[in-house]
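Enquirer: Before we start, here is the structure in question, set down as structure tokens.
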Amino acid sequence: MNEIMDQLGPYAWGLLHHIAETLPCPTCRRDGASLMRGLHDVVNSELGKTVQYPEDLKRLRDLADNAVHKANLNPGPCEAKIKRCVAQVEAGGHARNPYAVCHARIKCP
């Protein structure tokens, strides 16, 4: 099974990257390519391989953290602190992802 995965994996990833890089909308193409590289690096990391695009991986993490926050999937003792922090950061208008900034500042589990 590993031999098959080793042979097919690069082709499958190549196809997924190609699809993301050839989307008709320029913004979707840029964002899709970045997110695909981040997702590929998630898999690389799980397999013990070197992360190739750390900035894309961080972007994927920030987007996922923000989505988890918006969906209220992260309730806990720190949530009130994070909500206050997010409100302050958003009011300042300086951060692209206020939730990630606040999560890093407050260091909730």
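Only the coordinates and a few stated rules stand behind these numbers; no lab work does. All figures in this text were calculated on a predicted structure; none of them were measured in a lab. All Cβ positions, even for glycine, are placed from backbone atoms using ideal geometry, and neighbour counts span all protein chains on display.
Enquirer: Looking at the chain as a GNM with Cα springs under 10 Å, which of LEU35, LEU47, LEU23 has the largest mean-square fluctuation?
Expert: In the Gaussian network model the winner is LEU47.
Enquirer: Nearest 0.05, what FRET efficiency do ASN72 and VAL43 give at R0 = 22 Å with Cβ-Cβ as r?
Expert: On the way: r = 28 Å, r/R0 = 1.27.
Given R0 = 22 Å and the Cβ-Cβ separation, E is 0.20.
Enquirer: To continue, here is another question. For LYS49, go through the lysines and keep the ones whose alpha-carbon is under 19 Å away, minus same-chain ones fewer than eight residues off.
Expert: Straight-distance partners of LYS49: LYS58.
Enquirer: Using a Gaussian network for the chain with springs between C-alpha atoms less than 10 Å apart, which of these wobbles most: ALA12, ALA33, ALA20?
Expert: ALA12
Enquirer: For the chain, with the dipole built from +1 on Lys and Arg beta-carbon atoms and -1 on Asp and Glu ones, taken about the Cα centre, which of ASN2, CYS28, ILE82 lies farthest toward the positive end?
Expert: ILE82
Enquirer: I'd like the trypsin sites (Lys or Arg not before Pro) in the stretch 1-54 restricted to DSSP loop residues with at most 11 other Cβ atoms within 10 Å, sorted by number. Can you show the working numbers first?
Expert: Details: sites: ARG29, ARG30, ARG37, LYS49; in loops: LYS49.
Qualifying residues, ordered by number: LYS49.
Enquirer: Here is a follow-up. Taking Cα atoms, how many degrees apart are the long axis of helix 54-70 and the longest axis of the chain, rounded to 10 and kept between 0 and 90?
Expert: Once rounded, the angle reads 50 degrees.
Enquirer: What number, in percent, do you get for the relative contact order of the chain if the mean sequence gap of Cα pairs under 8 Å and at least 6 apart is divided by its residue count?
Expert: Working: 72 pairs, mean separation 17.6, N = 109.
Reported relative contact order: 16 percent.
Enquirer: Would you calculate the separation in nanometres between label points at LYS83 and LYS58, each defined as 7 Å from the Cα along the Cα-to-beta-carbon direction?
Expert: 3.0
Enquirer: Next up: Would the stretch 46-91 count as rounded, prolate or oblate if I go by the C-alpha gyration tensor, calling it rounded below 1.5 in a/c and otherwise prolate when a/b exceeds b/c, oblate otherwise?
Expert: On the way: a/c = 3.12, a/b = 2.05, b/c = 1.52.
The shape class here is prolate.
Enquirer: Roughly how many debye, to the nearest 20, is the charge dipole of the stretch 1-56 about its Cα centre, given +1 on each Lys and Arg Cβ, -1 on each Asp and Glu Cβ, and no other charges?
Expert: Values: 4 positive and 8 negative charges, 37 e Å.
In debye, rounded to 20, the stretch 1-56 gives about 180.
Enquirer: For the chain, build the convex hull from the C-alpha positions and give me its volume per residue in Å³.
Expert: Values: hull volume 15.3 nm³, N = 109.
So the per-residue Cα hull volume is 141 Å³.
Enquirer: Among CYS78, CYS102, CYS85, CYS28, rank each residue by its count of other Cβ atoms within 10 Å, from fewest to most, as a rough exposure measure.
Expert: Values: CYS78 16, CYS102 24, CYS85 19, CYS28 11.
Going from least to most buried by this count: CYS28, CYS78, CYS85, CYS102.
Enquirer: Sticking with this one: Going by the alpha-carbon gyration tensor, a ≥ b ≥ c the square roots of its eigenvalues, is the stretch 1-56 rounded (a/c under 1.5) or, if a/c is not under 1.5, prolate (a/b greater than b/c) versus oblate?
Expert: oblate
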